[in-house]
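Only one structure is covered here, and it is reproduced in the block below.
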Amino acid sequence: MAKTATKKEMTIAEKLHSLYDLQRIDSEIDRIRTIRGELPLEVQDLEDELAGLDTRIANIESEIKELDTEITDRKNGNKDAEVAIAKYKEQQNNVRNNREFESISKEIEFQELEMRLNEKRSKETKFAITNKKEVFDTAKERRNFRAEDLSSKKAELDEIIAETQAQEEKLDKKSQAALKKLDTRLSAAYTRLRSNARNGLAVVPVDRDSCGGCFNKIPPQRQLDIQTKKKVIACEHCGRILVPSELED
Ligand SMILES: [Zn+2]
């Protein structure tokens, strides 16, 4: 049967090579898409950490505010006590007997105790504020570092995403050209196998006497048939097209 001169018929070996070339291009496309899919997650992680630090800073701030209020309250308490003591002392000038004098003295003593307690607690609170401010400064510093990280990471990722997009477009063109080289029957089979396979593999090399796609053992005779490249052989288990392992090199 005479062949027309338009397109030279490929040998089975050539077909297998073309199929495997196509598979490798498409696998590279899959790999790039996976990487690109994961990149935004890194930014998301940083954004989450930053939001966490912001919450922490806001919490510390409100804690410091509460402590400040406590100090003000104690100051006011002492002013009230001073007023009360002055009033009691005046009353003592007008007592009718010793018993009344003693009773007012006890009130004064009580107010003075209150004042000392307020002073002691205020000192403790001031110390707590100093500590909290240190924690606040550390958190703020860390937050600023992280914010810088985030903006540079974002820029970096935008660049990588643009880069991988360009790479993917290039590979897409190569893939389309490689697919066109195959006859319609083979290209249809390849496309169907690739879309059905979860890992996108339609053409797999023999790997340690097994199918490189589903890892089921291949009988020795079948392995020989694959080696000789005289016909296109599919895996009995998963239907993927099998090629000799040396095609990997
Ligand atoms: Zn298989």
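What to note about this one:
- Unmet criterion (only one of (1) closer than 30 Å to Asp172 by Cβ; (2) part of a helix (DSSP H, G or I); (3) free of Cβ contacts under 8 Å to residues at least 12 places away in the same chain; (4) more than 29 Å from the chain's Cα centre (by Cα)) for Glu9: (2)
- All conditions but one from (1) assigned to a helix (DSSP H, G or I); (2) surrounded by fewer than 13 Cβ atoms within 10 Å (Cβ to Cβ); (3) modelled with pLDDT under 95 apply to Phe127; the one that does not is (3).
- Flag: Ala128 matches the condition of being touching a residue at least 12 places away in the same chain (Cβ under 8 Å), of a type in the set (Gly, Ala, Ser) and under 30 Å from Asp54 (Cβ atoms).
- Sole exception among (1) open to solvent by 60 Å² or more (accessible area, probe 1.4 Å); (2) part of a helix (DSSP H, G or I) for Lys231, by number: (2)
- Residue within the stretch 159-176 that is within 16 Å of the ligand (Cβ to nearest atom) and either of a type in the set (Val, Ile, Thr) or more than 34 Å from the chain's Cα centre (by Cα) (or both) present: no
- The stretch 207-226, subset part of a strand (DSSP E or B) and closer than 13 Å to Cys238 by Cα, residue nearest to the ligand (Cβ to nearest atom): Cys211
- Cβ-Cβ distances below 9 Å connect the following pairs, each with a first residue in the stretch 200-227 that is farther than 13 Å from Ile241 by Cβ, a second residue that is within 11 Å of the ligand (Cβ to nearest atom) and among the basic types (Lys, Arg), and a separation of six or more residues or different chains: Asp209/Lys217; Ser210/Lys217.
- Residue selected from the stretch 237-249 under the condition surrounded by fewer than 16 Cβ atoms within 10 Å (Cβ to Cβ) and modelled with pLDDT under 95, by the criterion nearest to Arg222 (Cα to Cα): Glu246
- Restricting Asn94, Asn59, Asn76 to those that are in the same structural domain as Gln176 (by TED's automatic domain parsing) and not in a helix (DSSP H, G or I) reduces the list to Asn94.
- Selection status of Glu82, free of Cβ contacts under 8 Å to residues at least 60 places away in the same chain and either within 30 Å of Leu22 (Cβ to Cβ) or exposed (fewer than 11 other Cβ atoms within 10 Å of the Cβ) (or both): no
- Scope the stretch 104-124; condition more than 60 Å from the chain's Cα centre (by Cα) and surrounded by 12 or more Cβ atoms within 10 Å (Cβ to Cβ); matching residues: Ile104, Ser105, Glu107, Ile108, Glu109
Each row is one residue, and each column tells you yes or no for (1) at pLDDT 95 or above; (2) under 30 Å from Asp45 (Cβ atoms); (3) not acidic (Asp, Glu).
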residue: Asp137; (1), (2), (3): yes, yes, no
residue: Glu156; (1), (2), (3): no, yes, no
residue: Leu193; (1), (2), (3): yes, no, yes
residue: Leu201; (1), (2), (3): yes, no, yes
residue: Val206; (1), (2), (3): yes, no, yes
residue: Cys235; (1), (2), (3): yes, no, yes
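- Cβ separations smaller than 7 Å between residues 6+ apart or across chains give the following pairs from the stretch 25-40 residues that are touching a residue at least 24 places away in the same chain (Cβ under 8 Å) to residues that are among the polar types (S, T, N, Q): Ile25/Ser175; Asp26/Ser175; Ile29/Ser175; Ile32/Thr164; Ile32/Gln167; Ile35/Thr164; Arg36/Thr164.
- Among the residues listed as Leu201, Leu193, Leu186, the single one being near the ligand (Cβ under 10 Å from one of its atoms) and either more than 21 Å from Ile25 (Cβ to Cβ) or hydrophobic (A, V, I, L, M, F, W, C) (or both): Leu201
- Considering residues of the stretch 145-202 that are open to solvent by 60 Å² or more (accessible area, probe 1.4 Å) and acidic (Asp, Glu) only, the residue nearest to Leu19 (Cα to Cα): Glu169
The values are calculated or read from the model by the stated rules, or taken from the named source; none is laboratory data. Just so it is clear, the model here is predicted, and its values are computed rather than measured. FYI the Cβ positions are ideal-geometry reconstructions off the backbone, even for glycines, and counts take in every protein chain you see. Please note that ligands, DNA and RNA were not included when accessible areas were found on the heavy atoms of the full protein model with its side chains. Shrake-Rupley method; radii C 1.70, N 1.55, O 1.52, S 1.80 Å.
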